[in-house]
Each structure stands twice: as structure tokens, then as C-alpha cells.
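None of the figures in this text is laboratory data; all of them are computed from the coordinates on show. Please read all numbers here as calculations on a predicted model, not as lab measurements. All Cβ positions, glycine included, derive from the backbone under ideal geometry; neighbour counts span all protein chains shown.
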Amino acid sequence: MNDRKTAESALKDTSGESHGDSRAKASPIEVRKVDQERIARAIREILLAIGEDPDREGLKDTPRRVARTYAELFSGLHVDAREHVRKFFTEKYDEIVLVRDIAFCSVCEHHLMPFMGKAHVAYLPNGRVVGLSKLARVVEVLARRPQVQERMTEQIAELLLEELQAKGVAVVIEAVHTCMTVRGVRKPGSLCVTSAMKGAFRSNPSTRAEVLTLIYGDRK
Ligand SMILES: [Zn+2]
């Protein structure tokens, strides 16, 4: 439910207007870029291939349903994540800004199975700050495409470093990969953690320690 709302508002933001209100109606324009008819045909093929009857009652609408689901899961492919952080404010604040526990759901590009978890995104401003929700938007847009967690982590960090011209950016992502928990090695509960440290978070051990304490501090 929440995911859907976020996806829709992320799409809406690409229209270039009213960046403030995420409750406004979403524009379906971007979703149309995903060819749902084609997905539905392919899903029907998959059902046949596994020996199912795609015409039985329970499966009748499945190809269409899956097509809509995919359109949503991959909606970030057609959105420029940078748009969300182009609007910044000039502030003297020069301490760490951290948004912790940004929930996301992405799709592993090797198995087309979801991986989901939390992203922690921090930056050290250099005169530019953005609305805190924009950091979550960047995560959302980059998650909603075929991904690998390592690349997604790096993409978020690079994008923020460039757009905000920040003194440093730190991104830590913790996720459960269903391609590991329900198939293959089947290790339920395993958590994959990736991090990207840029600028001061990479070069200055105490700055890095500070952000890691902010992220993990009360969990130990
Ligand atoms: Zn996978």
C-alpha cells in the first residue's frame, strides 16, 4: 500500500510540477512506458511452460495482474532520480544529515525476484541541503528497476555527491534477497549489507565512525 503510494508520487514528480504534495493524483504517463500487454502475453507463456492451464478461473486474470505489478516494480526505469534533488536550499548547517531506515523494495536483475530492506542515507552538506523526503525519493526511484544491491548503493551515493556537491555521502543498505531465501542456497534470515562511503566519510575515520554510530548506535 505504502509502496504503491510512493511509486505513484515518484512518478508524479517527473511531471515537473508540484513537488511538494505527494498526495496529489499520480500521472499514469510514465507507467505506460512499460508494455503491459507484452508482459501479460509472456506470463501466459510462463504458465503454459510450467504445465498450468492459464485459462482456469484462478489464473485467468493473472497475466494482467502480473503486468501491472511489473509496471509498478520497474516504474523507476523511466524516471530521472536526479530531478528530486535539483531543488536545494542554501543553509549554513554543516553537520551530518541522516535519513535512516528508508524502506524499499527492488528486484534482483539476475533472478527477477524481489529484494527488500532498508537504506540509510547520510550526507555532509557543503552549503546545499535538500528536503529530507527527497533522499527517500532517490532511493525509491533507483530501487524500482532491475538492480543489484551493490550498484544501487553506489548509484545513490554518486548521485547525491554530485548533485549536492556534498563534502561526503554515506549510504548503507541492508536487504533480504528472496533469490537467496526461497531458492538456491535457501538461507532465510540472511541479510546482505552494502555500503558506499564518499568524500569525508571515506577519508576521515572519525566522520565515518560518527555516521555508523548514528545508523547503528541504538541497535547494539
Ligand atoms: Zn538474485
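Points worth noting:
- One chain, two ends: Gln165 and Asp35. Fully extended at 0.36 nm per residue, the span grows by 43.1 nm beyond their Cα-Cα distance.
- Sorted into 5 angstrom bins from 0, the C-alpha pair distances of segment 163-206 split as 6, 20, 18, 13, 11, 10, 11, 10, 2 percent.
- Overall form of segment 37-123 per C-alpha gyration tensor (a/c, 1.5; a/b vs b/c): prolate
- From least to most packed, judged by other beta carbons within 10 angstrom and beginning with the fewest, Met180, Met113 follow the order Met113, Met180.
- Estimated inter-spin distance, Asp94 and Leu132, nm [label 7 Å along Cα→Cβ]: 2.3 nm
- Footprinting exposure proxy for Lys87, Lys167, Lys134 (fewest neighbouring C-beta atoms within 10 Å first): Lys87, Lys167, Lys134
- Using the Cβ-Cβ distance between Cys192 and Leu77 with R0 = 22 Å, the FRET efficiency computed as 1/(1 + (r/R0)^6) comes to roughly 0.50.
- Counted by neighbouring Cβ atoms within 10 Å, the residues Lys92, Lys60 run from fewest to most as Lys92, Lys60.
- Residue pairs exceeding 29 angstrom between C-alpha atoms, taken from Lys87/Lys198; Lys33/Lys134; Lys118/Lys198: none.
- Distance distribution P(r), segment 88-219, all Cα-Cα pairs, bin width 5 angstrom from 0: 2, 11, 21, 22, 18, 12, 8, 4, 2, 0, 0 percent.
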